[in-house]
1. Taking segment 46-81 on its own, how many of its residues are more than 21 Å from Ser29 (Cα to Cα) and part of a helix (DSSP H, G or I)?
2. Would you check which residues across segment 1-45 are among the small types (Gly, Ala, Ser), exposed (fewer than 10 other Cβ atoms within 10 Å of the Cβ) and outside any loop (DSSP other than H, G, I, E, B) and list them?
3. Would you confirm whether any residue within segment 68-80 is modelled with pLDDT of 90 or more and hydrophobic (A, V, I, L, M, F, W, C)?
4. Do the conditions hold for Tyr59, that is, is it hydroxyl-bearing (Ser, Thr, Tyr) and modelled with pLDDT of 90 or more?
5. Could you check segment 1-41 and list, in sequence order, the residues that are within 22 Å of the chain's Cα centre (by Cα) and of a type in the set (A, V, I, L, M)?
6. Confirm whether Gly75 is on the phi > 0 side of the Ramachandran plot and within 15 Å of the chain's Cα centre (by Cα).
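The values are calculated or read from the model by the stated rules, or taken from the named source; none is laboratory data. The shown structure was predicted, so the numbers you read here are calculated from the model rather than taken from an experiment. Virtual Cβ from ideal backbone geometry, glycine too; neighbours counted across all protein chains shown.
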Amino acid sequence: MLINNIEARAGIKFEKIGVPQPEEVIKSSSRDIIKNLDQVNMDLAGIFKDAAEELIAKYKDPKQALCVTLAYLSGHYKTAL
């Protein structure tokens, strides 16, 4: 096997890992969204105040409203894993 030959010649051992699972990809996407929030101009954030209040009223829980919003922003919101 090619990998075994490379490991033997280089005197190293590769760590074999699987492909990222969908949940890992979604969590990574969420972390990226959170990091990018620092780029939002706070003068513009006020424009979304009415929408934020509407979301909180609709979902009855600010945390749930935020989770739904992050799911949508991540692009992973149509089907369950």
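1. Just the residues of segment 46-81 that are more than 21 Å from Ser29 (Cα to Cα), to begin with: 46-61.
Still in the list and also part of a helix (DSSP H, G or I): 46-59.
Matching residues across segment 46-81 total 14.
2. Kept after step one, since they are among the small types (Gly, Ala, Ser), are these residues of segment 1-45: 8, 10-11, 18, 28-30, 45.
Now narrow it down to the ones that are exposed (fewer than 10 other Cβ atoms within 10 Å of the Cβ): 10-11, 18.
The one that is among the small types (Gly, Ala, Ser), exposed (fewer than 10 other Cβ atoms within 10 Å of the Cβ) and outside any loop (DSSP other than H, G, I, E, B): Ala10.
3. yes
4. Working: hydroxyl-bearing (Ser, Thr, Tyr): yes; modelled with pLDDT of 90 or more: yes.
Spelling it out, Tyr59 is indeed hydroxyl-bearing (Ser, Thr, Tyr) and modelled with pLDDT of 90 or more.
5. Kept after step one, since they are within 22 Å of the chain's Cα centre (by Cα), are these residues of segment 1-41: 17-41.
Ile17, Val19, Val25, Ile26, Ile33, Ile34, Leu37, Val40, listed by residue number.
6. Numbers: on the phi > 0 side of the Ramachandran plot: yes; within 15 Å of the chain's Cα centre (by Cα): yes.
For Gly75, the condition - on the phi > 0 side of the Ramachandran plot and within 15 Å of the chain's Cα centre (by Cα) - is met.
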